Every structure is written in structure tokens, then in C-alpha cells.
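Visitor: Sharing a structure below in C-alpha cells format, with a few things to ask.
The values are calculated or read from the model by the stated rules, or taken from the named source; none is laboratory data. Note that the structure is predicted; figures quoted are calculated from it, not measured. Heads up, the Cβs are rebuilt from the backbone with ideal geometry, glycines too, and the neighbour counts pull from every protein chain shown. Side chains included, ligands, DNA and RNA excluded: accessible areas come from the protein's heavy atoms. Shrake-Rupley method; radii C 1.70, N 1.55, O 1.52, S 1.80 Å.
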Amino acid sequence: IGKKPVTVRDKVGRIYVLYEDTSSTHLKRFDVEGNEDTAFEKAIKDALPSGTTIGNIDNIAIDMDDNCIFLFNNQTVYCCKEKEEDHSFEFLGHAAFPSGTPTLNVTAAAAYNDVLFVVDGNTLYACGFEFGGEFKSLKFESQATSKPLPKLRSHLKFANYLPECTGLFADDDGVYCLLREQKLIDGNLYALGQLVRYTYSGSDLT
């Protein structure tokens with residue numbers, strides 16, 4: 001089983017799809033009418049550091065405030081931004097996301113207003129970033145803020161049933177987490193869903 005497809009959109013409504021087929025991983029972009037931008041995948045590949053391929057990428061987020069694209073490879077985050085004049089991509093740097101875990105398995109991600117939100121397992125992280133230094137490299141704050149995602153059922157018999165975050169979206173009002181719990185028990189499949197919104201103060205997720 002390959003990785004699940006990941007979809008995000010940018011501030012002009014274009015859709016980005018990261019998916020895996022039988023032979024390789026692809027990152028495609030489509031306009032609002034569903035037409036593929038056939039030059040996109042090569043353009044963003046060319047911007048990444050030597051030796052980094054789309055096959056290394058696990059997840060993607062786009063800051064809808066400025067259309068920066070964040071690509072995840074475990075704890076390493078790459079950032080690119082499209083140039084308006086020729087639609088090539090400028091590489092803005094890479095850095096390790098400061099989650100405090102030895103490895104990071106990003107299952108959902110979002111970015112807005114210089115804050116990157118990621119989910120690893122049952123934990124939501126938020127961390128501010130900037131582009132600083134002589135080469136405007138990507139820099140994260142020294143420590144990410146974290147919050148366990150809520151269980152969808154509070155009864156003790158469901159204590160070990162942890163939700164899966166299947167999507168994140170961030171805007172001026174906070175970050176929205178789409179949660180799912182799905183189980184197959186005695187041949188019966190059930191699923192529960194919930195949408196949870198957190199606000200981020202710079203030091204706390206509420």
C-alpha cells in the first residue's frame with residue numbers, strides 16, 4: 001500500500017496533489033478548471049537541493065498568506081516560492097522541524113502567517129518560522145508548541161481509540177483539524193468524525 005494522496009490549495013485556488021502510483025511519487029498542480037500545469041512538477045524538482053526528489057517527499061503545505069510551498073521529508077522541511085516573472089521556483093531553504101521527537105511522521109500539515117502546523121500521530125504541533133540570514137534561509141523557532149488531539153469518545157472503554165487527523169487548514173481564526181476514528185469490530189465497520197479548531201497564541205494551542 002502506497003502513501004495516501006495529499007491535496008492542498010493555494011491562495012488563487014489551484015490544487016496540488018502529492019500521490020504515489022505503481023512506479024513513483026508525483027506532485028501535480030491543477031488550475032481551478034481542472035487543467036494540469038504540466039510544467040509544474042519539473043519546475044519544483046529543479047528548485048530542490050541536489051539529491052532530493054519528489055519520491056523523498058511525505059507531505060506538503062502551502063502558506064496561503066504568501067504562497068510559500070513547504071515539502072516534508074520526515075523532520076526536514078523544504079521551502080520554495082514561485083517567481084511571478086517566469087514561474088520557476090526559488091528555493092528558500094530547509095530546516096529540521098523542532099518537534100522534539102527523534103523522527104517526525106507528518107500525517108497532515110498547514111501553514112499560515114509565518115506559522116507551520118503539523119500533525120504527527122495524535123499530536124498537533126505549531127511553530128513560527130522566518131527567512132533570515134545572508135541567504136534568507138528557513139529558520140524555525142527553537143521549540144514547537146504541541147497539543148494532544150482530543151479523543152472522539154470519552155468513555156473509558158474507548159480509552160485506547162485515538163483519532164486520526166486526515167486534514168489541516170489554517171486561516172486568521174486558527175487551525176482546523178479534521179479528525180476521524182474508524183474501527184472494524186466483529187465484522188462491523190464504524191466511523192466517527194469531528195472538526196476541531198485551535199487558536200495559536202505564539203506559545204499555546206487552545
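Visitor: Say we look at region 151-165 and pick out the residues that are touching a residue at least 12 places away in the same chain (Cβ under 8 Å) and among the hydrophobic types (A, V, I, L, M, F, W, C); which of these is least open to solvent (accessible area, probe 1.4 Å)?
Guide: Here is the first cut: in region 151-165, the ones touching a residue at least 12 places away in the same chain (Cβ under 8 Å) are 151-153, 161-165.
With among the hydrophobic types (A, V, I, L, M, F, W, C) added as a condition, the list becomes 152, 162, 165.
Details: 152: 35, 162: 93, 165: 3 Å².
In this case the residue turns out to be 165.
Visitor: OK, next. Assuming residue 131 fulfils every condition listed in (1) without any contact (Cβ under 8 Å) to a residue 60 or more places away in the chain; (2) among the aromatic types (Phe, Trp, Tyr); (3) buried (at least 16 other Cβ atoms within 10 Å of the Cβ) apart from one, which condition is it?
Guide: Against the list (1) without any contact (Cβ under 8 Å) to a residue 60 or more places away in the chain; (2) among the aromatic types (Phe, Trp, Tyr); (3) buried (at least 16 other Cβ atoms within 10 Å of the Cβ), residue 131 comes up short only on (3).
Visitor: Looking for whichever is in a strand (DSSP E or B), farther than 25 Å from residue 19 by Cα and either in contact with a strand residue (DSSP E or B) (Cβ under 7 Å, 6 or more places away or on another chain) or at pLDDT below 95 (or both) here; the options are 81, 139. Which one fits? Can you show your working first?
Guide: Numbers: 81 fails: farther than 25 Å from residue 19 by Cα.
Of the residues listed, the single one that is in a strand (DSSP E or B), farther than 25 Å from residue 19 by Cα and either in contact with a strand residue (DSSP E or B) (Cβ under 7 Å, 6 or more places away or on another chain) or at pLDDT below 95 (or both) is 139.
Visitor: Given the conditions (1) under 20 Å from residue 114 (Cα atoms); (2) modelled with pLDDT of 90 or more; (3) among the aliphatic types (A, V, I, L, M), and given that residue 48 satisfies all but one, which numbered condition is not satisfied?
Guide: (1)
Visitor: Given the criterion buried (at least 16 other Cβ atoms within 10 Å of the Cβ) and either under 20 Å from the mean Cα position of the chain (by Cα) or farther than 20 Å from residue 106 by Cα (or both), identify the matching residue among 168, 184, 192. Walk me through how you get there before you give the answer.
Guide: Working: 184 fails: buried (at least 16 other Cβ atoms within 10 Å of the Cβ); 192 fails: buried (at least 16 other Cβ atoms within 10 Å of the Cβ).
Answer to the check: 168.
Visitor: Out of the residues in region 14-41 meeting the condition of being under 19 Å from residue 59 (Cα atoms) and of a type in the set (Gly, Ala, Ser), tell me which one is modelled with the lowest pLDDT.
Guide: Here is the first cut: in region 14-41, the residues under 19 Å from residue 59 (Cα atoms) are 14-30, 40-41.
Then drop every residue that is not of a type in the set (Gly, Ala, Ser), which leaves 23-24.
Details: 23: 80, 24: 88.
Restricting to residues being under 19 Å from residue 59 (Cα atoms) and of a type in the set (Gly, Ala, Ser), the top hit is 23.
Visitor: Next question. Within region 36-52, does at least one residue satisfy the condition of being under 22 Å from residue 7 (Cβ atoms), surrounded by fewer than 19 Cβ atoms within 10 Å (Cβ to Cβ), in contact (Cβ under 8 Å) with a residue 24 or more places away in the chain and β-branched (Val, Ile, Thr)?
Guide: Looking for residues that are under 22 Å from residue 7 (Cβ atoms), surrounded by fewer than 19 Cβ atoms within 10 Å (Cβ to Cβ), in contact (Cβ under 8 Å) with a residue 24 or more places away in the chain and β-branched (Val, Ile, Thr), one finds at least one in region 36-52, hence yes.
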